[in-house]
Amino acid sequence: MQNLSLKGLIAATYTPMHADGRLNLPMIETMVERLIADGVDGFYICGSTGEGMSLSSSERRDVAEAYVGAAAKRVPVVVQVGHNAVTEAQELAAHAQQIGATAISANAPSYFKVQSADMLARCMAEIASGAPDLPFYYYHIPALTGVSVDMLDYLDRAAASTPTFAGVKYTMPTLDEYQELMAWDDGRLDVLWGCDEMLLPALAVGSQGAVGSTYNLFSPIYRQVLAAFEAGDLVTARAAQGKAIQVIRTIKRFPFHSAMKQIFTMRGIDCGPCRLPQPALSSDDVRDLRAALEALGLLENATVSASTSQE
């Protein structure tokens, strides 16, 4: 198994687009600079937040090249390469290695559902073989893939079948299983937490790194959670986590991914709309979202842009 430890806040980044849905690749450099300045510790690209499954393979390559180039090895860049066609995912993995990504990750094929840990290990091993020099992270997100095999069973098989297996991006609210995965084989794996609203509980059971979509927008809140927890100040840590929960509950009142991209636009970086089939925000949604965030004190010095709103 490969040794890699992704620590701190890894932003699951957006894919910026023009109003007509075309990629806005030059905006990626602006986003990277902003996020590094805001204190994120790395990037996870072309995942759920980055609409990887709504992009063509050619577009995913372009996005990966733009992020890796803009990051310029200052922070890790993990490229999510999962695809319903395992061979296509393998080719995306090879491309990620070619351009100098830090690691690759893949979710399970989800049209024809993976039914067993053995089949999951076989699929992931084939994908990972496309990038034999890069650490591989399995992306466990059953709510979207519908694939929910026993993770401990998968770890045993992955360790045997995938030489580059480094860990799991775990996007499930089941802390008991998460803790078991971290303890597996004396803690040799890098198990990344994937539920922003439960960062503090994950820290309590030993999490060292987390991947999240709202880290793009409100990393200072989460940095406060981390700092207070490390200082043993649980009162402050709970208060900061509570603020994060308020933010997430607010965003969930709207089409979630479209709302997150709109907030970035409100803060001066136009990410554009989401691709179909994700619904767009109406102009009323944009107004109400802005008002709700202002009420939470989270849009100071923000700008107004309706360029991504659609009726």
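The values are calculated or read from the model by the stated rules, or taken from the named source; none is laboratory data. Since the model is a prediction, treat every value here as computed from it, not as a measurement. Quick reminder, even Gly has a Cβ in these numbers, built from the backbone with ideal geometry, and neighbours come from all protein chains shown. These area figures cover heavy atoms from the full protein model, side chains too; ligands, DNA and RNA do not enter into them. Shrake-Rupley method; radii C 1.70, N 1.55, O 1.52, S 1.80 Å.
Residue count for segment 119-144 satisfying the condition of being touching a helix residue (DSSP H, G or I) at 6+ places or on another chain (Cβ under 7 Å) and either among the polar types (S, T, N, Q) or part of a loop (DSSP other than H, G, I, E, B) (or both): 5.
Scanning segment 175-219 for residues being closer than 16 Å to residue 47 by Cβ, in a loop (DSSP other than H, G, I, E, B) and not hydroxyl-bearing (Ser, Thr, Tyr) gives a total of 2.
Within segment 265-285, being acidic (Asp, Glu) and part of a loop (DSSP other than H, G, I, E, B) holds for one residue alone: 270.
Residues that are open to solvent by 20 Å² or more (accessible area, probe 1.4 Å), over 23 Å from residue 128 (Cα atoms) and assigned to a loop (DSSP other than H, G, I, E, B) do occur in segment 157-174, at least one of them. Being open to solvent by 30 Å² or more (accessible area, probe 1.4 Å), small (Gly, Ala, Ser) and in a helix (DSSP H, G or I) is a property that does not hold for residue 228. Is one or more of the residues making up segment 234-245 open to solvent by 40 Å² or more (accessible area, probe 1.4 Å) and modelled with pLDDT under 95? Checked against the condition, which is being open to solvent by 40 Å² or more (accessible area, probe 1.4 Å) and modelled with pLDDT under 95, segment 234-245 yields no hits at all.
Pick from 217, 199, 192: which is open to solvent by less than 20 Å² (accessible area, probe 1.4 Å), under 26 Å from residue 27 (Cα atoms) and under 19 Å from the mean Cα position of the chain (by Cα)?
Values: 199 fails: under 26 Å from residue 27 (Cα atoms); 192 fails: under 26 Å from residue 27 (Cα atoms).
Within the list 217, 199, 192, the selection yields 217.
Would you mind stating whether residue 197 is acidic (Asp, Glu), without any contact (Cβ under 8 Å) to a residue 60 or more places away in the chain and within 20 Å of residue 172 (Cα to Cα)? Give the derivation first.
Values: acidic (Asp, Glu): yes; without any contact (Cβ under 8 Å) to a residue 60 or more places away in the chain: yes; within 20 Å of residue 172 (Cα to Cα): yes.
For residue 197, the condition - acidic (Asp, Glu), without any contact (Cβ under 8 Å) to a residue 60 or more places away in the chain and within 20 Å of residue 172 (Cα to Cα) - is met.
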